[in-house]
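Notes for the one structure printed next.
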Amino acid sequence: MDDKWKLKNFERVVFFTGAGISAESGVPTFRGKGGLWDQYKPEEYACQEAFDRDPQAVWEFHDKRREIVAGCKPNAAHHHIAAYEKEHPNTVVVTQNIDGFHQDAGTQNLYEMHGSLWHVRCDASGTKKENRDIPFPIEDRSPAGEVWRPDIVWFGDYLNEDTIQKARNAFHASDLVVIVGTSGVVWPAAGFPLEAQKRGATLIEINPEESDFSIYCDLCLRGPATQELPKLL
Ligand code: OAD
């Protein structure tokens, strides 16, 4: 690979990650064969209407997701990114993942665009807290007397405006975006690397398959994240 693609040639790097970065840890992706949305209908398990109808069923689905993630750990790709950030504090990680693996690996400058499997919230009282119980104690009530819901962006939900704005600012300030393991089909997240490119940033993709980003990228590394990411270091 040409030396010009190495991270050392850039000043402000944003890593934009999706489910593919955690695939080698053992967490299933959403789309494609064996993907989560192949097995579970989002309208039954991942939207506010489903939660209002049957919070128990929605929590059981999220308990399963918690169990899977709790049985896995960050892989070399998460660790490479965290180590790079330690050396280059300008670095920002924007993730669509809810597994918490970037924090577990030591990443500090992190925006979780789709929330976290390990936080719950109550919109009526505007409260939020960390919780790692499996199964989640659904009988616990929020200060407003509500069932706590996972603090995850479900289908039909709004994204957290503050997180989005900070993530967008990081993209706009970047000179390199490394897109790792995302199909690029979910908006507005998918638009950010393209906004960065319009402002002059280079785009590099790491994905064994073509994605919606591929045609825009300056370089596509076709392979698993743990194998391809070290080539940029
Ligand atoms: P997807 O499941 O849509 O895409 C995963 C991508 O990872 C695919 O392009 C795979 O080719 C790639 N991939 C698989 N194994 C990989 C590996 N070892 N290394 C690198 N790449 C690999 O997941 P996302 O793009 O993250 O949203 O999905 C975006 C959003 O859609 C999710 O955050 C979730 C979902 O609905 C919400 O829940 C709001």
Just want the answer: with Cβ charges of +1 for Lys and Arg and -1 for Asp and Glu, which residue in I134, N207, L159 is farthest toward the dipole's positive end in the chain? N207
Report the GluC sites (Glu not before Pro) located in the stretch 21-58 that are in a DSSP loop and have at most 15 other Cβ atoms inside 10 Å of their Cβ, or state none. none
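Of the listed peptides 9-15, 103-109, 158-164, what is their order by residue-averaged count of other C-beta atoms within 10 Å, with the highest listed first? Show your work: numbers first, answer last.
Details: 9-15: 20.3, 103-109: 17.1, 158-164: 12.6.
Output ranking for 9-15, 103-109, 158-164: 9-15, 103-109, 158-164.
Can you give the FRET efficiency for D162 and A124, using 1/(1 + (r/R0)^6), R0 = 25 Å, r = Cβ-Cβ distance, to the nearest 0.05?
On the way: r = 20 Å, r/R0 = 0.79.
For R0 = 25 Å, the calculated efficiency reads 0.80.
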Of the listed pairs K6/K73; K64/K129; K86/K166; K4/K73, which have alpha-carbon separations greater than 23 Å here? K6/K73; K4/K73
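What net charge do the residues around Q39 carry, taking every other residue with its C-beta under 13 Å from that of Q39, with Lys and Arg at +1 and Asp and Glu at -1? Spell out each step's value before the answer.
Working: positive: R31, K33, K41, K64, R65; negative: D38, E44.
Surrounding charge for Q39 is +3.
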The chain: antiparallel DSSP beta bridges as a percent of all, rounded to 5: 30
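Using a simple charge model, +1 on the beta-carbon of Lys and Arg, -1 on the beta-carbon of Asp and Glu, nothing else, what dipole does the chain show about its Cα centre, in debye to the nearest 20?
On the way: 25 positive and 36 negative charges, 116 e Å.
I would put it at about 560 debye.
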With a 10 Å cut-off between alpha carbons and a GNM built on the chain, which of V58, V93, V180 moves the most? V58
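Take every DSSP beta bridge with both residues inside the stretch 126-233 and express the antiparallel ones as a percent of the total, to the nearest 5. Can you show the working numbers first?
Values: 1 of 9 bridges.
Around 10 percent antiparallel, to the nearest 5.
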Suppose every Lys and Arg Cβ carries +1 and every Asp and Glu Cβ carries -1, with no other charges. What dipole size does the stretch 128-233 come out with about its Cα centre, to the nearest 20 debye? 240
So if I take the centroid of the Cα atoms in the stretch 57-117 and the same for the stretch 162-206, what is the distance between those two points in Å? 17
So for the stretch 138-228, averaging the separation of alpha carbon pairs under 8 Å that are six or more residues apart and normalising by length, what relative contact order in percent results? 21
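Coordinate-derived values only; no laboratory data. Because the structure is predicted, anything quoted here is derived from the model rather than measured. Note: ideal-geometry Cβ built from the backbone for every residue, glycine included; neighbour counts use all protein chains shown.
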